[in-house]
Amino acid sequence: MAVSNNITACVTLLALICAVPIIASGIWFASAQGDECARLARWPVAILGGLLLLAALAGFVGAYWNRRRLLAFYLFAMAALVLLLIVLLVFAFAVTRGSGAYPVLGRAYDDYHLDGFSMWLRGYVSDDPGRWEKIKACLAVSDTCKKLARQNAFVNAEQFYQSHLSPLQLMCNVCMQSGCCKPPSVCGFTYVSPTVWTATPGRPATDPDCGLWSNDPSQFCYECESCKAGLLEALRDQWHKANIALVVATVCLVLLYLIGCSAYKNAQAAAFFRRYK
């Protein structure tokens with residue numbers, strides 16, 4: 001009985017430790033996405049990690065002080081929470097599977113289209129106009145494009161074209177939205193500066209975003225589909241990074257749960273035989 005309880009206590013203590021990276025991932029989501037004016041699944045991951053932490057703590061107390069009701073609660077709660085975590089991971093992988101990035105000839109960076117993303121992600125920026133208005137207003141007052149405009153690293157257009165631009169960040173720690181702070185490459189606009197472009201006279205617009213571009217810092221390409229796609233690509237990258245920690249923690253929690261169930265059954269069997277010996 002004591003051996004089984006000791007095993008269960010060790011298992012629940014390890015489960016406590018496994019809940020920490022889940023909480024950290026949720027907090028990272030909240031802080032990182034807040035800087036980018038988007039709050040996709042801001043706190044659910046952190047809340048789920050906190051509930052796992054409380055369940056593991058109850059299991060540890062139950063095993064250490066031999067409180068069988070607390071152990072039973074731990075096993076039931078942990079099963080439900082791990083199942084929710086698995087559902088969350090499956091959902092995250094499903095909605096972030098596709099990418100809207102596509103290479104551009106002669107450019108070291110990618111441009112972005114909404115068509116490549118899942119319907120759920122596209123709906124996040126398209127189904128609710130009010131949500132995008134808030135994101136757009138946040139982008140307009142943030143330093144997302146302003147820092148790029150103040151950057152002197154690009155002496156000419158070729159240097160800019162050969163820069164490795166990500167959806168929300170430029171190497172050298174210059175924040176930007178490659179889909180929001182410049183027009184799509186297919187428009188064929190002439191480069192003046194990273195945030196100033198001029199249309200080629202007589203060239204027909206090959207993309208609806210071409211007519212939405214403005215050199216006005218309060219407008220830029222914030223109404224463009226490419227801007228929405230760039231934002232989704234950044235959120236997708238964040239989820240993929242966080243999923244690594246979440247998958248490892250989930251696998252460990254499942255293994256620990258199975259070991260805990262086995263130890264609990266052994267403790268129950270030992271108590272039964274002791275009672276009727």
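We did not get these values from a lab; they are worked out from the coordinates using the rules stated. Predicted, not measured: the structure shown is a model, and the values here were computed from it. We place every Cβ from the backbone using ideal geometry, glycine too, and count neighbours over all the protein chains shown.
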Using the structure shown, select from K146/K241; K136/K182; K147/K182; K134/K182 the pairs with a Cα to Cα distance greater than 22 angstrom. K146/K241
Could you please report the charge total around Y112, scoring K, R as +1 and D, E as -1 over all other residues with beta-carbon less than 11 angstrom from its beta-carbon? -4
So how do 117-127, 218-228 stack up, highest first, on mean other-Cβ count within 10 Å? 218-228, 117-127
What is the local net charge at C224, summed over the other residues whose Cβ is closer than 11 Å to its Cβ (Lys, Arg +1; Asp, Glu -1)? -2
Name the long-range amide H neighbours of A101: under 5 Å, sequence gap of 5 or more, or other chain; modelled H, no Pro or chain starts. H113
